[in-house]
Amino acid sequence: MNKRASHIVLNLDDSYGGPARSIPELMRGMTSSDWAHEVVSLRFKNDERNELVERYGLKSITFPAQLHPKLAYNGSIRDYLVSLKPDLFHCHNIWNYVPIVTQNVGTQLGIPVILSPRGTLFDWNLKRGYFKKKLYLSLFGNLIFGGAAVIHATSEEEVDAIRKIAPRSPVALIPNGVDTGEFSELGNRHDHKVALNLNSKDRHILYMGRIEEKKGLAILIEAFAAVKNQNQDWQLLVAGPDYSSTYSVFCRNLASRLGVAADVRWLGMVKGDSRRNVFGASDVFVLPTQSENYGMVIAEALSAGIPTVTTVGTPWSVIQKNGAGVIIKPVVSELVVALEQIFAKNTLELEGMAEAAREIALQNDWSRPSSEMLQVYQWVIGEGSKPDFIF
């Protein structure tokens, strides 16, 4: 009989960002094993969907968020988790009700809990809402971190961040992966630009991600404005949900004030064929983020063969090392230099960068992360030896 893992996450709508893609991909990668998987989440709107859950036919149940959305509460979740009685819980959240109820139920029933903080313990994140998070840790930190059988990190930087909060907890270092087949059949950029009603003679910078301060869109708009006069054939594509309406308005006003509003196209949340067209149409990908535990969209840009500019706040130093792009600090001046370097490259040089990007992606597919997480599951339930990537 299959063993059962219950994944619990705050929200799994496509707009939720990286976890909305990495969790279904991880579940899919482990489905062919002796484990059955289900994901439990809260929904904040009735029309929420997850493209990958539907595409892969994954088992999923959602509960409406009650009270204020930031409380992420629904009393029925506890009863449902108790009724499941899986072999383990895998919680993909902190800073809300979800990990509290998961650990409570796990302790009550003697079911081990694996915790994936998903990049929420980096210094930049901790400084946002500092006093609320300090209170949360004082009330629930020992329960959530001390009670976890294993804490999952996706990068060495995240291991260090976890160690500051939970110095004695076992930590499994397992990076995410990327679906290398998603962009294997992209056509030429001209066709993808036409499909999006873009000028096929223009070249396009892509920003994709939640529109929030952490991701650095304002930095990109300022840098783009600084180089635009000397590079009239470049346009900026912005794809992603408005995670912060205040910040979104700020960025739109910034583009207007700097005189590049007509050169920025706001695409909103893109899915399916539209999403593939956006990647296929883009000549450069830029994410000037403050921090990422992995950065799913970075991996996807590499898989699509797009020269990439991102920051030292990500675990992607290999991008510059292997000639697939540039790694910078998340500041305007460094991004200006990086863009000028890429704009100056000829077609052959850009094609070389694109090939280097694809090679990096091929070395980071989901086969290894899925296999390693299964080893963690087996060890946690006492049916396997301790993997050498648990510290």
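The values are calculated or read from the model by the stated rules, or taken from the named source; none is laboratory data. Just so it is clear, the model here is predicted, and its values are computed rather than measured. Counting neighbours? That spans all protein chains shown, and the Cβs are built from the backbone with ideal geometry, glycine included.
Can you find a residue in region 37-44 that is in a loop (DSSP other than H, G, I, E, B) and either within 24 Å of the chain's Cα centre (by Cα) or buried (at least 16 other Cβ atoms within 10 Å of the Cβ) (or both)?
Scanning region 37-44, I find at least one residue that is in a loop (DSSP other than H, G, I, E, B) and either within 24 Å of the chain's Cα centre (by Cα) or buried (at least 16 other Cβ atoms within 10 Å of the Cβ) (or both), so the answer is yes.
I'm trying to understand the selection: among the residues of region 207-258, which are of a type in the set (F, W, Y) and part of a helix (DSSP H, G or I)?
F224, Y247, F250
Within region 45-76, how many residues are part of a helix (DSSP H, G or I) and in contact (Cβ under 8 Å) with a residue 60 or more places away in the chain?
Within region 45-76, residues that are part of a helix (DSSP H, G or I) and in contact (Cβ under 8 Å) with a residue 60 or more places away in the chain number 1.
How about region 151-180: which of its residues are in contact (Cβ under 8 Å) with a residue 60 or more places away in the chain and of a type outside the set (A, V, I, L, M)?
H152, T154, S155, E156, E157, E158, P170, P175, N176, G177, D179, T180
Could you please find all residues in region 259-271 being within 21 Å of the chain's Cα centre (by Cα) and either among the hydrophobic types (A, V, I, L, M, F, W, C) or part of a helix (DSSP H, G or I) (or both)?
Correct list: W266, L267, M269, V270.
Identify the residue in region 9-31 that is among the polar types (S, T, N, Q) and within 18 Å of M208 (Cβ to Cβ) and, among all such residues, is surrounded by the most Cβ atoms within 10 Å (Cβ to Cβ).
S22
Would you check which residues across region 150-168 are more than 16 Å from the chain's Cα centre (by Cα), buried (at least 18 other Cβ atoms within 10 Å of the Cβ) and part of a loop (DSSP other than H, G, I, E, B) and list them?
Within region 150-168, A166 is the sole residue that qualifies.
Does A195 satisfy the criteria of being more than 20 Å from the chain's Cα centre (by Cα), farther than 23 Å from E51 by Cβ and at pLDDT 95 or above?
no
Take the residues in region 123-149 that are assigned to a loop (DSSP other than H, G, I, E, B) and at pLDDT 95 or above, then tell me which one is surrounded by the most Cβ atoms within 10 Å (Cβ to Cβ).
Filtering first and then ranking leaves A148.
Within region 261-276, can you find the residues that are surrounded by fewer than 21 Cβ atoms within 10 Å (Cβ to Cβ) and of a type outside the set (D, E, K, R)?
A261, A262, W266, L267, G268, M269, V270, G272, S274, listed by residue number.
Can you find even one residue in region 3-10 that is over 17 Å from I114 (Cβ atoms) and either assigned to a loop (DSSP other than H, G, I, E, B) or in contact (Cβ under 8 Å) with a residue 40 or more places away in the chain (or both)? Before the answer, list the steps.
In the first step, residues of region 3-10 are kept if they are over 17 Å from I114 (Cβ atoms); the result is none.
So far as region 3-10 goes, no, none of its residues is over 17 Å from I114 (Cβ atoms) and either assigned to a loop (DSSP other than H, G, I, E, B) or in contact (Cβ under 8 Å) with a residue 40 or more places away in the chain (or both).
Looking only at region 77-97, count how many residues are touching a helix residue (DSSP H, G or I) at 6+ places or on another chain (Cβ under 9 Å) and in a loop (DSSP other than H, G, I, E, B).
Of the residues in that region, 7 qualify.
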